[in-house]
Amino acid sequence: MAAKLRTRAPAETVDGVAFRDMCRKFALAEIAPRWEQADRDSHYPIDFYHAAARAGLIGMTAPTALGGSGLGVHETIVFMEEGSKINPNLPVSVLIQEIAGGLLADFGDEGLHDIVRRNIAGDCLLALAVTEPEAGSDIQNVKCSARRDGGDWIIDGQKAFISLAGYADVLVVLAQTDPSKGRHGMSFFAVDRKAAGVTMRQLATYANRPVPTYVVDFKDVRVPAERQLSGGFREIMAGFNRERLLVAARWLGHMQHAMEWAKDYAQTRHQFGRPIGSNQSIAFMLAQGHVDVEATRSLTYAAARRWDSGVPIEDIILEVSTAKLFATQAVYRVTQNALHIGGGWGLTEELPVMRMALDALVAPVTVGSYEIQLRVIARQLGLPCD
């Protein structure tokens, strides 16, 4: 019998204003001083993870019995938004802990729950290894395999674009266990990064550099049977929907940062004896940006409220995909307009806007591309889209 998906209402609530204020202060204290050096070096500052754990920002939705806060997705969205107003990349490392840790908490036994407790305490960084060179949006095409050998599983295959893999203590790896069952013949495994047969190389990227990504190879990697999770394809897709909401909040924060910069620059930069923001073309860009921010906020938080209300996840896929699609389109539009407002100076390192635009380029291709989201939305509307 398939494991039951968790669709509960939050077990606990917090003061929304106070929590947002705490997230804002955390971002100023822990993200602001770190992100620029991390971006230059393409290096993840592991002490940021430790700081997030001390602040109670790891395992926000995990059960209190495992050391988590037992909160709803709403709180994770607040953190992603506030953190991304400073930088959209370091908060992603918290998002990864939320999704990978959630899988271990929901579909692991007591031994795997110990990993969750260590993760929440700041002692075990997680990475989620799902994507492959030929299986990004097409998860059903996963080729990484796991075969049974006595009391162990043997994993072979390759994963790509795995954020934090080089820093993680444990990789939560998706592998095909029974090809005859297609998408239902998949399982997750908790694999130690330093296990024999695990090798990796870091990818050089133009964006998202404070959270480096890797190609990870598995060659005859032996994993104890108790490291297999009970969840399969259905749970993968549920996790993706939660991740899509957090991604929408990420870009909501980032576009607010870009808008704040663009409005200030448009009011202080003068050409022909007046601020460039007094030109209709520039003013219209900023007006469109305001609409994009407010629409993204409304869509994202409405979907989060529905998620936390306890309704079946299958009933909120439309809201989630709508929020994610709009956010990724909007952040591209806002940051490109901000870059245009920066003019020639925007192409230099004298201004921060090129970095904002580069980071936004990853928006359309993570956790389901534009096209995948449109396909999901179309099918939710009852339209044939095969």
Inset, instruction - Working only within region 23-42, note down all residues that are surrounded by fewer than 17 Cβ atoms within 10 Å (Cβ to Cβ), of a type outside the set (S, T, N, Q) and part of a loop (DSSP other than H, G, I, E, B). - result: Ala32, Pro33
Legend entry - Selection from region 139-160 of residues that are over 13 Å from Val191 (Cα atoms) and in contact with a helix residue (DSSP H, G or I) (Cβ under 9 Å, 6 or more places away or on another chain): Ile139, Gln140, Val142, Ser145, Arg148, Gly150, Gly151
Inset, instruction - Determine the pairs where a residue that is part of a strand (DSSP E or B), located within region 260-280, has a partner that is of a type in the set (Val, Ile, Thr) and surrounded by fewer than 18 Cβ atoms within 10 Å (Cβ to Cβ) with Cβ atoms under 8 Å apart, the partner being 6 or more residues away or on another chain. - result: Pro275/Thr268
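Every residue, every condition in (1) buried (at least 21 other Cβ atoms within 10 Å of the Cβ); (2) of a type in the set (Val, Ile, Thr); (3) within 21 Å of the chain's Cα centre (by Cα), yes or no:
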| residue | (1), (2), (3) |
| --- | --- |
| Pro133 | no, no, yes |
| Gln140 | no, no, yes |
| Ala146 | yes, no, no |
| Gly150 | no, no, no |
| Ile154 | no, yes, no |
| Lys159 | yes, no, yes |
| Ile162 | yes, yes, yes |
| Gly166 | no, no, yes |
| Val170 | yes, yes, yes |
Legend entry - Residue in region 355-370 that is part of a helix (DSSP H, G or I), of a type in the set (Ser, Thr, Tyr) and at pLDDT below 95 present: yes
Legend entry - Extreme residue, most open to solvent (accessible area, probe 1.4 Å), among residues of region 46-82 that are in a helix (DSSP H, G or I) and of a type in the set (Ser, Thr, Tyr): Thr64
Inset, instruction - Take region 318-332 and flag every residue that is surrounded by fewer than 20 Cβ atoms within 10 Å (Cβ to Cβ) and more than 29 Å from Ala262 (Cα to Cα). - result: Leu318
Legend entry - Members of region 254-290 found to be closer than 27 Å to Ile31 by Cα, out of contact with any strand residue (DSSP E or B) (no Cβ under 9 Å at 6 or more places or on another chain) and open to solvent by less than 80 Å² (accessible area, probe 1.4 Å), listed by number: His254, Met255, Gln256, His257, Ala258, Met259, Trp261, Ala262, Tyr265, Leu286, Gly289
Inset, instruction - Report, by residue number, each residue of region 43-65 that is among the polar types (S, T, N, Q) and over 17 Å from Ile96 (Cβ atoms). - result: Thr64
Legend entry - Among the candidates Trp307, Trp345, residue that is at negative phi and either surrounded by fewer than 15 Cβ atoms within 10 Å (Cβ to Cβ) or not in a helix (DSSP H, G or I) (or both): Trp345
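The values are calculated or read from the model by the stated rules, or taken from the named source; none is laboratory data. Quick caveat: nothing in here was measured; it's all calculated off a predicted structure. Here the Cβ is made from the backbone with ideal geometry for all residues, glycine too, and neighbour counts use every protein chain on show. Protein only, heavy atoms only, side chains kept; ligands, DNA and RNA dropped before computing areas. Shrake-Rupley method; radii C 1.70, N 1.55, O 1.52, S 1.80 Å.
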